[in-house]
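The structure appears below as structure tokens.
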Amino acid sequence: MFGLSASMTPYANFNQSSRIVFQSAMSKQAMPLALHTMTSMISDSKVLTYAQKPICATTISNTIKEYNGVNVVIAVLTYSGYNQEDSLLFNKSSIDRGLFSSIKYEVVEIIENKFMNETLVYIPDGDVLRDNDGIVLVGQQVKDGDTIAAKLVITEKKQSIEKIVLKSFVSGQVDKVTKHTSVEGNRIVRVRILLYRFSIVGDKFTSRHSQKGVIGAILSQEDLPFIKDGIAPDLVINPHAIPSRMTMGHLLEMVMCKIYILDSNNARDPMLPSKPKSRESICIDATAFNKAHRSFEADIAKLSKEKMYCGTTGLPIEAKVATGICYYHALRHQTRDKAHSISKGVIQSLTKQPVERRSRKGGLRFGEMEKDCLIAHGAASMLLEKLKNTSDLCEIWICHDCSTICSSNPYINCNGRNTKEHRLPYSFKLLAQELSIANIKVGLKCT
């Protein structure tokens, strides 16, 4: 017996059981076409600009009528080397037409606390238009570092201006502004910023059969393979993703969608009936599966495999390629929210190393496993650069007579007779100081 999420997957009984469990969890990460999200003030919410009804649907999905995906033309083929493992090749023309385009909402909350003597004030900043309270107006374009609002904070000793600045990696259009008063009498202003997004390399997608993958490359339609009718696929998946995972439902959905398009008189309700009468009717409550079953035996090349031509050379591909239409979800894991790199930034006062987290513009953690990889590759210079030169390199004075780490003034220790300067990681100096608290001396013998 299937639950709600699993019941929305067609031909789930043809898939491996673990794949059904994966898909039930992953379907909750798909971006929906949710109208209530467009009217609410929830931060970090994402919606598809348009979603389609699945061609191959189940009884449950037809009943719920909440759609969170798009019917795409796919080809199962290794092509150009950029769809290895679970990488996907996307058609650039499809993306330009709006395939899987989405909207992200970011909400900035400003609280005018009366008990702290805070007052919203108007401060001109750049070319952004504002109302009398200094709040940006709807329709204004804002970017990283722009001032959304400003508050005048009055204390006993001084008056100060506190600016509410847009956080990092947010650039879009002010979509909605709400103002209301809380029970305590504080005024709360929420500014919602709308960000339009199109699919880029690294974005994550999945079919309803837990065949997830990320975009490995976006190719122009002229470079993609095409059939004799000139149709190029929206995305290309790797054929090695099918056999090991045993998702036969994925292939069945491709064929069934093709059958429905070629002959729309077929019913499209591939739900497992409560009392199957025969082996042929165990999957669907219609004639579509019987026709697909006979087509598999009679003429598999006509429905599932087609002759395709290379987009770069125009020559026919030697093997016939499995093509069809499948319902795909765009997951909320997007490259724009995760990609991060810095050349310089904020340093922690304790360890003298870069701070963590992307939101604070911190560094990338280089841990034990990354260290082991560089050792296995023999990249000694790279290891030295990552663990010392670009992290917490500092100058330390060491006495060569007693092997102790000197203070910042080398003449305090051992009268500075035989002290020399060395470049070591600050974390090592910190470790030596912490061990000295436990009465453990760390000595360095320099040769």
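Quick notes on this structure:
- Among the residues of the range 304-336, those identified as out of contact with any strand residue (DSSP E or B) (no Cβ under 8 Å at 6 or more places or on another chain) and either more than 23 Å from Ser220 (Cβ to Cβ) or among the charged types (D, E, K, R) (or both) are Glu318, Ala319.
- Residue-level analysis places Phe100 outside the set of residues that are under 28 Å from Met308 (Cα atoms) and in contact with a Leu (Cβ under 6 Å, 6 or more places away or on another chain).
- Here Lys104 fulfils each of the conditions (1) surrounded by 20 or more Cβ atoms within 10 Å (Cβ to Cβ); (2) closer than 23 Å to Ser220 by Cβ; (3) among the basic types (Lys, Arg) apart from (2).
- Search result, residues across the range 416-435 that are part of a strand (DSSP E or B) and of a type in the set (S, T, N, Q): Thr419
- Residue within the range 71-80 that is over 22 Å from Ile237 (Cα atoms), among the hydrophobic types (A, V, I, L, M, F, W, C) and in contact with a helix residue (DSSP H, G or I) (Cβ under 9 Å, 6 or more places away or on another chain) present: no
- Summed over the range 362-397, residues that are touching a Gly at 6+ places or on another chain (Cβ under 9 Å) and more than 18 Å from Thr351 (Cβ to Cβ) total 1.
- Cβ-Cβ under 8 Å pairs, at least 6 apart or on other chains, the range 15-27 side touching a residue at least 12 places away in the same chain (Cβ under 8 Å), far side basic (Lys, Arg): Gln16/Arg245; Arg19/Arg245; Gln23/Arg208; Met26/Lys212; Ser27/Arg208
- Residue among Gly230, Gly216 that is at positive phi, in the same structural domain as Phe14 (by TED's automatic domain parsing) and not in a helix (DSSP H, G or I): Gly230
- Selection count, the range 160-176, where residues are in contact (Cβ under 8 Å) with a residue 60 or more places away in the chain and either loosely packed, with under 15 Cβ neighbours inside 10 Å or over 20 Å from Val138 (Cβ atoms) (or both): 3
- Meets criteria (assigned to a strand (DSSP E or B), at pLDDT 90 or above and either of a type in the set (D, E, K, R) or closer than 30 Å to Leu219 by Cα (or both)) for Ile74: yes
- Residue list for the range 356-365, restricted to those being surrounded by 15 or more Cβ atoms within 10 Å (Cβ to Cβ) and on the phi < 0 side of the Ramachandran plot: Arg358, Gly362, Gly363
- Taken as a whole, the condition of being of a type outside the set (Val, Ile, Thr), under 17 Å from Ser87 (Cα atoms) and surrounded by 18 or more Cβ atoms within 10 Å (Cβ to Cβ) applies to Ser210.
- Looking at Phe115, Phe100, Phe169, just one residue is at pLDDT 90 or above and either in the same structural domain as Thr181 (by TED's automatic domain parsing) or in a loop (DSSP other than H, G, I, E, B) (or both), and that residue is Phe100.
- Helices (runs of 4 or more DSSP H) completely within the range 1-49 that count 1 or more residues being surrounded by fewer than 20 Cβ atoms within 10 Å (Cβ to Cβ) and touching a Gly at 6+ places or on another chain (Cβ under 9 Å): 17-26
- Subset of the range 72-100 [closer than 28 Å to Ala12 by Cα and either surrounded by fewer than 19 Cβ atoms within 10 Å (Cβ to Cβ) or hydroxyl-bearing (Ser, Thr, Tyr) (or both)]: Thr78, Gln84, Glu85, Asp86, Ser87
- Selected residue (only one of Thr335, Thr404, Thr323, Thr313 is at pLDDT 85 or above and outside the structural domain of Ser207 (by TED's automatic domain parsing)): Thr335
The values are calculated or read from the model by the stated rules, or taken from the named source; none is laboratory data. As the structure is a prediction and not an experimental result, all values here were calculated from the model. All Cβ positions, glycine included, derive from the backbone under ideal geometry; neighbour counts span all protein chains shown.
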